[in-house]
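Chemist: Before I ask anything, here is the structure I am working with.
The values are calculated or read from the model by the stated rules, or taken from the named source; none is laboratory data. Bear in mind the structure is a predicted one, so any value in this text is a computation, not a measurement. In this analysis, Cβ positions are derived from the backbone assuming ideal geometry, glycine residues included, and neighbour counts consider all displayed protein chains. All accessible areas refer to the heavy atoms of the entire protein, side chains included, with ligands and DNA or RNA removed. Shrake-Rupley method; radii C 1.70, N 1.55, O 1.52, S 1.80 Å.
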Amino acid sequence: MEKKQKVKSDEIDLISIVDKVWSERRFLIKFTLIIFVIGVIIAFSLPRAYKSESKIIPEDTKEVVANKANSFASLLGLAVNNNTSLEISADIYPDIIRSTPYLLEFANLKVLPQGMAEMSLYEYMTLHQKEAWWSFITQLPRKIGELFAPKAIGENDTVWDISRLSRPQRQFIRDLANSIHVNADKETGLITIDVLMQDPEVATSVAENIIQHLYVYITSYRTQKAREELKFIEDMYVEAHNAYGQTQERFKGYAKDYKLGTSPVTSQVNMDLAFGFYNMMAQQYEMAKVNVMKKRPIFSVIEPAMMPLNADSPRKMLIMLLSIGLGIFIGVIWIFIKDAFVK
């Protein structure tokens, strides 16, 4: 009996709520229309942005590169150390791409926006970005403050010194970082790179260059120690080659006459020692070159960057639908709040 009364009470409460909302339907419709109009204004005021997406996957360098290096080394009769552990994890690729030193490389990247002349990416993002009309109001206090603020010492937009970046340069780095979204799947190793720009040509160009710069950056990082060792061994190899050549010339001169003051056995021993050192450094030199090759990363481009045909944002239909839902929700809440105060 009590359960039936409770169910009946709930039905009465629900009916009373519906009746209350229905009685205030004119207000609710007007309020929802106002919010809808605001949503339409927002949807059509936001500048268009185009997204270019690319996907890459770093291959397992422990197996792929080591096998290639060992095959090359076996042709030369060399023994190569197979310790090719990955020195930089793909998990931190997103942090690398969004880092300031990496993004600085894009400041002078030449881009060709649609309907414009070729310019640097810094010029395009600084001087040719559209903004919503209300941004002038929101940024007005900051712009007024900048007029009276003293210019920073050494502030220069033409010099890109990472330790002395000007305000516009810092803003460019922030805007560019916010335009690039990188996601690394730890399970599959797949790296997805999204670039969002107001021009589809610029978005595609930046997405393509991110992959190229990333390969150069990772290659430089991973091969730095190996390249230093290669340079040292190369110098030693050249020195050994020159010493062996000089020893050969002295031995040839001794074969003609005996003016060197050394015995044939001593001259032969010196030449054998020079040749032995030269031969050892030649092998070390080839092994060092193989080691540099082993350290190079390998990227497989699963999905290359393509120029988008349609804008990715703003999603006008979604904004308008959300504005209708928000208008109804706030309107209903306001009806009951007003009713509570009246009572």
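Chemist: Counting only protein chains, not ligands or nucleic acids, how are ILE56, ILE29 ordered by accessible area (probe 1.4 Å), most first? Walk me through the numbers on the way to the answer.
Modeler: Working: ILE56 0, ILE29 100 Å².
Sorted by accessible area, descending: ILE29, ILE56.
Chemist: Then there's this: Using r as the Cβ-Cβ distance of PHE275 and TRP134, and R0 as 56 Å, what FRET efficiency do you calculate, to the nearest 0.05?
Modeler: Approximately 0.10, to the nearest 0.05.
Chemist: Expressed as a whole number of Å, what is the distance separating the alpha-carbon centroids of the range 174-216 and the range 278-302?
Modeler: After rounding, the separation between the Cα centres reads 30 Å.
Chemist: Please report the net charge: other residues with Cβ closer than 14 Å to the Cβ of ASN183, K and R +1, D and E -1. Before the final figure, lay out each step's value.
Modeler: Numbers: positive: LYS51, LYS55, ARG98, LYS186; negative: GLU53, ASP91, ASP95, ASP185, GLU187, ASP194, GLU303.
Charge balance near ASN183 sits at -3.
Chemist: Would you tell me the accessible area of MET116, worked out with a 1.4 angstrom probe on the heavy atoms of the protein chains, in Å² to the nearest 10?
Modeler: Using a 1.4 Å probe on the heavy atoms, I get roughly 80 Å².
Chemist: Another question, then. Quick one: Debye curve from the alpha-carbon atoms of the range 280-343 only, equal weights, vacuum; give me log10 I(q)/I(0) at q = 0.15, 0.17, 0.20, 0.28 Å⁻¹ to two decimals.
Modeler: Log10 of I(q)/I(0), two decimals: -0.78, -0.84, -0.92, -1.10.
Chemist: Would you tell me the accessible area of ILE15, worked out with a 1.4 angstrom probe on the heavy atoms of the protein chains, in Å² to the nearest 10?
Modeler: For ILE15, the solvent-accessible surface is approximately 100 Å².
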